[in-house]
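> Mind having a look at this structure? Questions to follow.
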Amino acid sequence: MSATIAPAPPRFGVTRTLRLGVRRIRFELRQYFRAGDQVFFTFLFPTLMYVVFATIFTGDVGEGPDKISMATYYLPGLIAGGILLSGVQGPALEIAMEKSDGTLKRLGGTPISPVTYFIGKIGEVFVTAILQIALLIAVAVVVYGVELPTDPAAWARFAWIFALGLIACTLLGIALSAVPRSGKSSAAVVIPIVLLIQFVSGVYIAFSMLPEWLQNAAGVLPVKWIAQGMRSVFLPDSFRTAETSGSWDIGLIAVMLLVWLVAGLILSRITFRWIRRDG
């Protein structure tokens, strides 16, 4: 008697896969905003930290016409921190929990494809990150009187640094989701790593204030380059002399973020497993 082989789930065409992916984004967003702890520690956390720093550290920095408030000075670092939280911490915790509670295994037994699943995750990350950064900038302008750039070229630079940085961080977050052994331990593993990266990447303190050996070690991290790029957008050009090289290094920022994007793609591809029900 020949063994019965269960038919494989049907493959969807590109159009239907994309359509299901867009629907998945809406589902992921509903799940995201229903989780109060995630909203606090990922979505609201950068704004809350910005309020703390901008309220405690008052006064101005810089000289002459380039003098700016401390609220302005802290804004680009917290934007970079928000990108890290949305891109790395969010997906890492979500996917680790979905592996642990059987969600991925149940999805693996349906016609949904990994492409549809990741369209939903990446779409969720982009929507929440845009809302998060918009809220942060709105608080900076309305509450602390921060003046935003008026040069369209600065906003164009903001856009590609935001997009490249968020994609790279999201791919790294997918890879990091493989590190926790269970969903219960995921927060204990992921959150300390993300906090450490923020402190050594110039999010909360000036990167130049770190010991030289730590600057050398942290200088390769993507958040360091995202924060430096955001400073080039929101701070006067004279502040470039405070960077380790004395320049904004815009070209190098693009190269480093692209390198991390490729590295994240490779690492996520190696570490992520789509769990089929019969696996």
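The values are calculated or read from the model by the stated rules, or taken from the named source; none is laboratory data. Everything numeric in this text was worked out from a predicted model, so none of it was measured. Counting neighbours? That spans all protein chains shown, and the Cβs are built from the backbone with ideal geometry, glycine included. The accessibility values were calculated without ligands, DNA or RNA, using every heavy atom of the protein model including side chains. Shrake-Rupley method; radii C 1.70, N 1.55, O 1.52, S 1.80 Å.
> Looking at the chain, which longest stretch skips every one of the trypsin sites (Lys or Arg not before Pro) that is in a DSSP loop with at most 15 other Cβ atoms within 10 Å, leaving the sites themselves out? The partial results should precede the final answer.
Working: sites that count: ARG11, LYS67, ARG181, ARG273, ARG276, ARG277.
Formally, the longest exposed-site-free interval is 68-180.
> On to the next question. For the stretch 60-167, what percent of Cα pairs sit more than 25 Å apart? Display every interim value, and only then the final one.
Values: 2203 of 5778 pairs.
That fraction is 38 percent.
> Need one value: the accessible area of ASP101 in square angstrom, 1.4 angstrom probe, rounded to the nearest 10.
Accessible area, nearest 10 Å²: 80 Å².
> Which whole-angstrom value gives the distance between the alpha carbon centres of the stretch 33-66 and the stretch 143-172?
16
> Hey, what did the chain get for relative contact order, percent, Cα under 8 Å, at least 6 apart?
Numbers: 364 pairs, mean separation 74.8, N = 279.
It rounds to 27 percent for the chain.
> Straight-line reach from LYS99: which lysines have Cα under 26 Å away, leaving out those fewer than 8 places along the same chain?
LYS121, LYS184
> Okay, moving on. Size of the dipole of the stretch 155-279 about the Cα centre, Lys and Arg at +1 and Asp and Glu at -1 on the beta carbon, nothing else charged, in debye to 20? Please report the intermediate quantities before stating the final value.
On the way: 10 positive and 5 negative charges, 128 e Å.
Charge dipole of the stretch 155-279: 620 debye, to the nearest 20.
> Further question: Would you be so kind as to identify which of LEU29, THR110, MET209 lies farthest towards the positive end of the dipole of the chain, taking Lys and Arg as +1 and Asp and Glu as -1 on Cβ and the Cα centre as origin?
About the Cα centre, the residue reaching furthest to the positive side is THR110.
> Would you mind telling me the share, in percent, of accessible area of the chain contributed by carbon and sulfur at probe 1.4 angstrom? It would help to have the intermediate numbers written out before the result.
On the way: 9330 of 13970 Å².
Answer for the chain: carbon and sulfur cover 67 percent of the accessible area.
> Next up: Measuring with a 1.4 Å probe in the full set of protein chains, what accessible area per residue, in whole Å², belongs to the chain? Kindly include the intermediate steps, with their values, before the conclusion.
Values: 13970 Å² over 279 residues.
Dividing the accessible area of the chain by its residue count gives 50 Å².
> Explain nothing, just the number: relative contact order of the stretch 116-268, from Cα pairs under 8 Å at least 6 residues apart, as a whole percent. Walk me through the numbers before you get to the answer.
Values: 116 pairs, mean separation 47.6, N = 153.
Relative contact order here is 31 percent.
> If you don't mind, another one. Please arrange ILE25, ILE253 by accessible surface area, largest first, computed with a 1.4 Å probe and ligands excluded.
ILE25, ILE253
> Using a cut-off of 21 Å between alpha-carbon atoms, which lysines can reach LYS67, once sequence neighbours fewer than 8 places away in the same chain are excluded?
Within the straight-line limit of under 21 Å, LYS67 reaches no lysines at all.
> Of the options SER268, TRP155, VAL194, report the single residue whose Cα projects farthest towards the positive end of the charge dipole of the chain (beta-carbon charges: Lys, Arg +1; Asp, Glu -1).
Value computed over the given set: SER268.
> Just want the answer: with Cβ charges of +1 for Lys and Arg and -1 for Asp and Glu, which residue in LEU75, THR128, VAL141 is farthest toward the dipole's positive end in the chain?
So the residue we want is THR128.
> How much accessible surface does THR15 have with a 1.4 Å probe, in Å² rounded to 10?
The accessible area of THR15 comes to roughly 100 Å².
> Sticking with this structure for a sec: Share of Cα-Cα pairs in the chain beyond 27 Å, in percent?
Here the long-distance tail beyond 27 Å is 42 percent of all Cα pairs in the chain.
> Residue separation times 0.36 nm, minus the C-alpha to C-alpha distance between ARG181 and ASP37: what's the value? Don't jump to the answer; show the numbers that get you there.
Working: separation 144, 0.36 × 144 = 51.84 nm, distance 2.07 nm.
Value of the extension gain: 49.8 nm.
> Here is a further query. What translational D, rounded to a whole number of µm²/s, comes out for the stretch 116-197 from Stokes-Einstein when the hydrodynamic radius is the Kirkwood one over Cα pairs, at 4 °C and 1.567 mPa s? Could the numbers behind the result be given before it?
On the way: Rh = 15.1 Å.
Rounded to a whole number, D works out at 86 µm²/s.
> For THR244, THR150, what's the largest-to-smallest order of accessible area, 1.4 Å probe? Write down the numbers at each step before the final one.
On the way: THR244 85, THR150 130 Å².
Sorted descending by solvent-accessible area, the residues read THR150, THR244.
> Viscosity 1.567 mPa s, temperature 4 °C: Stokes-Einstein D of the stretch 180-279 from its Kirkwood Cα radius, in µm² per second? Provide the component values of the computation, followed by the final result.
On the way: Rh = 15.6 Å.
Reported coefficient: 83 µm²/s.
> With each run of n ≥ 4 DSSP H residues scored as -39500 (n - 2.57), what mean residue ellipticity at 222 nm is computed for the chain after dividing by its residue count and rounding to the nearest 500 deg cm²/dmol? Numbers along the way, then the final one.
Numbers: 11 runs with 181 residues, N = 279.
For the chain, the value works out to -21500 deg cm²/dmol.
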